[in-house]
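Please treat every number below as a calculation from the coordinates, not as lab data. Being a predicted model, the structure only gives us computed values, none of them experimental. Note that each Cβ is placed from the backbone with ideal geometry, even for glycine, and that neighbours are counted across all protein chains shown.
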Amino acid sequence: MGTPAFACPSLEALLAGPDPVVGVVCQPDRARGRGLAVAAPEVKRLAVARGLPVLQPERLRDPGFAPALRALAPDLVVVAAYGKILPRWILDLPRHGCINVHASLLPRHRGAAPIPWAILAGDAATGVTIMAMAEEMDAGDVLLARATPIDAEDTAGTLGARLATLGAAALVEAIDGLKAGRLRPVPQPAEGVTFAPRLTHEQGRLDWSRPADELCRVVRAFAPTPGAFTTLAGRILKIHRARPEAAPPGAPPGTVVHAGADGIVVAAGGGALRLLDVQLEGRRRLAAGAFLAGHPLPAGTCLGAR
RNA sequence: CGCGGGGUGGAGCAGUCAGGUAGCUCGCGAGGCUCAUAACCUCGAGGUCGGUGGUUCAAAUCCACCCCCCGCAA
């Protein structure tokens, strides 16, 4: 059971393994994007390409779903970013239970958005955890965890891709371990629990009164989508890539203190943020130099005015 | 039929409303200045203005249809 791209490497890994994948469950196709075209989730596209049966219940208690899932008779259910809370009856259905691929080192960052939250928190490292699912969200016993350092250039995109791969490998390892009987579920420590709820678009708005290194983390956590943003003359300006640095003294937060091919330097609450890749609403993403060719930014221009 | 912005020399933009010589900031090439330079000055190359059709003496500009890119909202 999984829905977005994060779950695809895990599904691929299962397909490559010795155990048959009897079916795939993902969220329903949704009207999304420009023009509200109906689009299938990434996992469904992969499953369909591999000829797997796909279930897409709107609600898990839809009358047709339970019989359909039971008919697949899974011995084990693997969940990776499915997007719905599983009720008791599903957790109890497979003989070997349900295991989950979670993109953090539990008990840190329980919830829907562990990857951006790890970046926002300034964590030096994060990872994936394979756990035996319990009713409480992301609180199940840990079977296996694998860490990866968070690089200063990492974005939610790059980190997510890496964790998806790491998660797939850990999943295979965990299943092997379970079959060999050498994996023992370990309860999560009571200390160190944090929560990583879904991010709202508004949380990507850069508050220039905040320190530059914090703003830089927001940029990385929101990249590539939905993107951190500020405003320029009332229009949304997305910031795709930026770097924190020391600020010249005296410039009020949000003020452009330098603009050139080497970046647009904006004063923050502490230090300054050098904008490297930006995108004006309705326009393409551009490097600072290219952006400035058509949108001159005199020093003193203020960003983020409301 | 969700709302909206856009496609103009290699890059980014103006010009479109009030049809009539293709503009700006860069990049590129040549020359000059300079101890020197990514700086500065001069000159230059480079565009069937997304596509098709229509209106017109004349279309980047007006009309119709199509293709592509992007922001918002979900």
Percent antiparallel among DSSP beta bridges with both residues in chain A, to the nearest 5? 80
Shape parameters for chain A, alpha-carbon atoms, Rg then Dmax in Å: 22.2, 69
Once every DSSP H run of n ≥ 4 in chain A is given -39500 (n - 2.57) and the sum is divided by its residues, what mean residue ellipticity at 222 nm do you get, rounded to the nearest 500 deg cm²/dmol? -7500 deg cm²/dmol
Dipole magnitude of the range A:187-306 about its Cα centre, charges +1 at Lys/Arg Cβ and -1 at Asp/Glu Cβ only, in debye to the nearest 20? 380
Positive minus negative residues near A:LEU14 (Lys, Arg vs Asp, Glu; Cβ under 14 Å): -3
Can you tell me the relative contact order of the range A:1-133? Whole percent, Cα pairs under 8 Å, sequence separation 6 or more. 22
With no solvent and one equal point scatterer per Cα, compute the Debye intensity ratio I(q)/I(0) for the range A:80-132 at 0.26 Å⁻¹ and report its log10, rounded to two decimals. -1.02
Where is the GNM fluctuation largest for chain A (alpha-carbon springs, 10 angstrom cutoff): A:GLY17, A:GLY167, A:GLY33? A:GLY33
Could you give the length gained on full extension between A:ILE236 and A:ARG210, defined as 0.36 nm per residue of separation minus the Cα-Cα distance, in nm? 7.5 nm
For A:GLU202, A:GLU135, A:GLU245, A:GLU42, ascending order of other Cβ atoms within 10 Å (fewest first) is A:GLU202, A:GLU135, A:GLU245, A:GLU42
I'd like the per residue volume of the convex hull spanned by the Cα atoms of the range A:3-161, given in cubic angstrom. 130
Extreme residue, positive dipole direction of the range A:144-256, given options A:ALA251, A:THR225, A:GLN203 (C-beta unit charges): A:THR225
Give me the distance in nm between label points sitting 7 Å out from Cα along the Cα-to-Cβ direction at A:LEU76 and A:THR158, one decimal. 3.3
Rh_Kirkwood(the range A:147-193) over Cα pairs, Å, one decimal, evaluates to 12.9
Between the modelled labels at A:GLU191 and A:ARG61 (7 Å from Cα along Cα→Cβ) the distance in nm is 4.0
Take the range A:121-202, compute every pairwise Cα distance, and split them into 5 Å bins from 0; I just need the percent in each bin. 3, 12, 19, 22, 21, 14, 6, 2, 0, 0
Relative contact order of chain A (C-alpha contacts under 8 Å, at least 6 apart) in percent is 13
Find how much the distance from A:ARG198 to A:ARG95 grows on full extension, using 0.36 nm per residue of separation minus their present alpha carbon separation; answer in nm with one decimal. 33.9 nm
Per-selection metrics, the range A:1-70 (Cα): Rg and Dmax in Å: 12.8, 42
Over the range A:216-301, consider all pairs of different Cα atoms and compute the Kirkwood hydrodynamic radius from their mean reciprocal separation; express it in Å, one decimal. 12.7
